[in-house]
1. How many nm separate the modelled label positions at Asn52 and Ala87, each set 7 Å beyond the Cα in the direction of the Cβ?
2. Find out how many positive minus negative residues lie around Ala81, taking Lys and Arg as positive, Asp and Glu as negative, among other residues whose Cβ is under 12 Å from that of Ala81.
Amino acid sequence: MQYTVLPIASLDDGLLERVALLHQSIMNFLQKLPSRSVELTYTGVAPEAQSNGIGHALLNALVDASCSFGYGSIELSVEIANLKALALFTKLDFAIIRIFREGCYERHGMARRL
């Protein structure tokens, strides 16, 4: 499996341009996926850049691109203790579909139908 890392590392005046480039990168990547569901495996925003709408913009770009290519859902998992991420995913209409353990971490499996 190939993973693509799409970095947005800091908050500065070039943020909107980087989010736009990220959106195009997501669109290009999704064109190559074979299944009907997209799995978001890892995402994050640097602590100094949090609470500025970056995570929201990243997820909205993923949702828009996934819809554009006809995917039926987006799936992800998040550590139960990661309350900020859980709140963001819930705000963006992801629902908890299962609870599981991965190593020493308890996680929520979440999904959003598109």
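Since every read-out is calculated from the coordinates, none of them should be taken as a lab result. Every value quoted in this text rests on a predicted model; they were computed, and no experiment measured them. Virtual Cβ from ideal backbone geometry, glycine too; neighbours counted across all protein chains shown.
1. The answer from the label model is 1.9 nm.
2. Within the 12 Å Cβ shell, the charges total 0.
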